[in-house]
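The values are calculated or read from the model by the stated rules, or taken from the named source; none is laboratory data. Because the structure is a prediction, the values reported are computed rather than measured. Note that each Cβ is placed from the backbone with ideal geometry, even for glycine, and that neighbours are counted across all protein chains shown. Calculation scope for accessible area: heavy atoms of the full protein, side chains included, ligands and nucleic acids excluded. Shrake-Rupley method; radii C 1.70, N 1.55, O 1.52, S 1.80 Å.
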Amino acid sequence: MTIDLNLARENMIEQQIRPWEVLDPRVLDSFRAVPRDRFVPEAYRDVAYSDVAIPLGDGEHMMKPVVEGRVLQALDLAGSENVLEIGTGSGYLTACLATLAGRVTSVEINERLFNAARERLANRADSVTVLLADALAGFKPEQRFDAIVVTGAVAAIPKLFLDWLAPAGRLFAVRGQSPAMEAVLVTRVDGGSHRTDSLFETELGYLRGAEPKPVFAL
């Protein structure tokens, strides 16, 4: 059976993303502008626009489209921002961010995913930089960012991520432990303090190195 990918893309927007209260026209247009089927493994191309977390190998998954939509809407990008993405994955969310912001730097720790994403994003080299690095160990950005997206869950938001926020910068992350993970938006406010807004409940695989620390009981 041949899948009409353009129709599937529109159905994803209208039947999955919009009902999850993602109504920003620019965000919805970013999903129309970036063909999701070009960012998934070939074996999953026919379900590229389905409401599933698509496996990328090595235990990694793409976010569901509804979560990607909420991420992009929460960041409220105006078009000129300098954005950091921690965890490139397939590169799909990276490409969507690039349609909404001025510049995207994306950091990926998995070399296989890094190489694949860099190839997929090669035509966006003027607005996207993909780096092979561990955001939790060794990565030292030369500037602060207007927005940061953490694409894997964290037991708690690392302080160094918050230190990378520019004044009034926003950070999206999913924190906590399953089954009670919480998506939050952290905003840097006057004086360098931070305001945290709870957005919704979801569940993601952990960012490597940001898992809960084991607790040993006697």
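Brief remarks follow.
- Scan of segment 116-146 for residues that are assigned to a strand (DSSP E or B) and open to solvent by 30 Å² or more (accessible area, probe 1.4 Å), ordered by number: 129, 131, 132, 146
- The residues of segment 152-176 that are open to solvent by 50 Å² or more (accessible area, probe 1.4 Å) and either among the charged types (D, E, K, R) or in a strand (DSSP E or B) (or both), listed by number, are 159, 163, 167, 168, 175.
- Given (1) open to solvent by 10 Å² or more (accessible area, probe 1.4 Å); (2) in contact with a Leu (Cβ under 8 Å, 6 or more places away or on another chain); (3) part of a helix (DSSP H, G or I); (4) not small (Gly, Ala, Ser), index of the condition residue 29 fails: (2)
- Only one of the numbered conditions (1) acidic (Asp, Glu); (2) part of a strand (DSSP E or B); (3) under 30 Å from residue 57 (Cβ atoms) is not met by residue 203, and that is (2).
- Among the residues of segment 196-218, those identified as without any contact (Cβ under 8 Å) to a residue 40 or more places away in the chain and either surrounded by 11 or more Cβ atoms within 10 Å (Cβ to Cβ) or farther than 22 Å from residue 67 by Cβ (or both) are 196, 197, 201, 214, 215, 216, 217, 218.
- Candidate set from segment 173-198 (those that are closer than 21 Å to residue 52 by Cβ and of a type outside the set (Val, Ile, Thr)); member that is modelled with the highest pLDDT: 183
- The residues on offer are 155, 125, 180, 166, and the sole one that is out of contact with any Pro (no Cβ under 8 Å at 6 or more places or on another chain), touching a residue at least 24 places away in the same chain (Cβ under 8 Å) and of a type outside the set (Val, Ile, Thr) is 166.
- For segment 46-57, the set of residues classified as more than 15 Å from residue 91 (Cβ to Cβ) and either assigned to a loop (DSSP other than H, G, I, E, B) or open to solvent by 50 Å² or more (accessible area, probe 1.4 Å) (or both) consists of 46, 47, 49, 50, 51, 52, 53, listed by residue number.
- Of all residues in segment 1-18, those satisfying the criterion of being open to solvent by less than 80 Å² (accessible area, probe 1.4 Å), over 18 Å from the mean Cα position of the chain (by Cα) and either under 23 Å from residue 75 (Cα atoms) or not β-branched (Val, Ile, Thr) (or both) are 5, 8, 9, 10, 11, 14.
- Restricting attention to segment 101-112 and to residues that are farther than 20 Å from residue 127 by Cβ and either of a type in the set (A, V, I, L, M, F, W, C) or in contact (Cβ under 8 Å) with a residue 40 or more places away in the chain (or both), the residue that is least open to solvent (accessible area, probe 1.4 Å) turns out to be 110.
- Sole residue being under 25 Å from residue 27 (Cα atoms), among the hydrophobic types (A, V, I, L, M, F, W, C) and either over 14 Å from the mean Cα position of the chain (by Cα) or in a strand (DSSP E or B) (or both), chosen from 71, 66, 149: 149
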